[in-house]
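Structure incoming, see below.
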Amino acid sequence: MSDGDKTKIITSPYYAYGVMYLSENFHAYERGKGPEYAAYRKAWSERPAKMDAGEFPLNMNFEVTTRCNLACTFCSQPSLTKDQLGDLSWETFKRVAEECGRHKTPTANFNGLGEPLLVKRLPDMIRFAKQHGFIDIMFHTNGTIMTDAIAEALIDAGTDKVIFSVDSPDRETYNAMRIKSDFDRVQKNVKHFHEVRQRRG
């Protein structure tokens, strides 16, 4: 990105916030989320700096599945054994989400080693978490199985952020890293998701 004479390059294959925070659209999005969201983001920065664990976590990571439809070269998921593959049960999810609700946990991330969109009840989980007070819900996806219907369901459920993991803008490099994926299909799926989001406002 160019700013007058200065050029700033951010390269982090692990997290998108460094780039998102350069976007005025993202700042406007955050300002529109209200004072509760602002307080949570402030605590997100201040609590680690003060080494303050707080009474309860600010974030809950729900590993909704360890299953994945890809076999990426950089990921440990393909090394999981058969007994390590599976989905988070609805009962366990519900119990943890309700406990977080009682403690006013503000944010949740719905992924781990697996691909969240393989879980048919993912929109139900997000909706349930929203009903129990989570104000910032996100997940990462490889984007390979995103459809308009899934996009609609995720938006209806109240999903706040979807981060598509696209590790290279170069088709050949991407396809070499993301085994069983296809650069063109994922690019198309991301565009379709954006179109649904824009259409839905």
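The values are calculated or read from the model by the stated rules, or taken from the named source; none is laboratory data. Quick caveat, the model's predicted, so the values are computed rather than measured. So basically every Cβ, Gly included, is an ideal-geometry build from the backbone, and we count neighbours across all protein chains shown. These accessible areas exclude ligands, DNA and RNA; they are computed on the full protein's heavy atoms, side chains included. Shrake-Rupley method; radii C 1.70, N 1.55, O 1.52, S 1.80 Å.
Only one residue in 184, 124, 156, 148 is among the charged types (D, E, K, R), surrounded by fewer than 21 Cβ atoms within 10 Å (Cβ to Cβ), farther than 17 Å from residue 68 by Cα and without any contact (Cβ under 8 Å) to a residue 24 or more places away in the chain, so which one is that?
Residue meeting the stated conditions: 184.
Here's another thing I want to ask about it. Just need a number here: residues in the stretch 159-181 that are surrounded by 14 or more Cβ atoms within 10 Å (Cβ to Cβ) and touching an Asp or Glu at 6+ places or on another chain (Cβ under 8 Å).
6
If residue 189 meets every condition in (1) free of Cβ contacts under 8 Å to residues at least 12 places away in the same chain; (2) among the polar types (S, T, N, Q); (3) part of a helix (DSSP H, G or I); (4) open to solvent by less than 50 Å² (accessible area, probe 1.4 Å) apart from one, which number is that one?
For residue 189, the failing item is (1).
While we're on this one: Please pick out the residue among 156, 167 that is part of a loop (DSSP other than H, G, I, E, B) and touching a Pro at 6+ places or on another chain (Cβ under 9 Å).
167
Go through the stretch 18-72 residue by residue and tally those that are among the β-branched types (Val, Ile, Thr) and in contact with an Asp or Glu (Cβ under 7 Å, 6 or more places away or on another chain).
Of the residues in that region, 2 qualify.
Could you check the stretch 13-46 and list, in sequence order, the residues that are among the basic types (Lys, Arg) and open to solvent by less than 50 Å² (accessible area, probe 1.4 Å)? Steps first, please.
Of the residues in the stretch 13-46, the ones among the basic types (Lys, Arg) are 31, 33, 41-42.
The one that is among the basic types (Lys, Arg) and open to solvent by less than 50 Å² (accessible area, probe 1.4 Å): 41.
Here is a follow-up. Please go through the stretch 187-196 and pick out each residue that is out of contact with any strand residue (DSSP E or B) (no Cβ under 7 Å at 6 or more places or on another chain) and more than 12 Å from residue 149 (Cα to Cα).
Residues satisfying the conditions are 187, 188, 191, 194, 195.
Then there's this: Criterion first (polar (S, T, N, Q), farther than 23 Å from residue 160 by Cβ, touching a Ser or Thr at 6+ places or on another chain (Cβ under 9 Å) and open to solvent by 70 Å² or more (accessible area, probe 1.4 Å)) does residue 77 satisfy it? Quick ask: steps written out before the conclusion?
Working: polar (S, T, N, Q): yes; farther than 23 Å from residue 160 by Cβ: yes; touching a Ser or Thr at 6+ places or on another chain (Cβ under 9 Å): yes; open to solvent by 70 Å² or more (accessible area, probe 1.4 Å): no.
In short, no.
If a residue must be of a type in the set (Asp, Glu), in a helix (DSSP H, G or I) and closer than 29 Å to residue 181 by Cα, how many such residues does the stretch 45-84 contain?
Number satisfying all stated conditions: 1.
To continue, here is another question. Of the residues 97, 108, only one is assigned to a helix (DSSP H, G or I) and under 25 Å from residue 80 (Cβ atoms); which?
Values: 108 fails: assigned to a helix (DSSP H, G or I).
Matching residue, one of 97, 108: 97.
Please go through the stretch 87-118 and give me each residue that is crowded, with 21+ Cβ neighbours inside 10 Å and under 20 Å from residue 69 (Cβ atoms), ordered by number.
110, 111, 114, 115, 116, 117
Within the stretch 116-137, is there a residue that is outside any helix (DSSP H, G or I), within 27 Å of residue 76 (Cα to Cα) and within 15 Å of the chain's Cα centre (by Cα)?
Yes, there is a match, as at least one residue in the stretch 116-137 is outside any helix (DSSP H, G or I), within 27 Å of residue 76 (Cα to Cα) and within 15 Å of the chain's Cα centre (by Cα).
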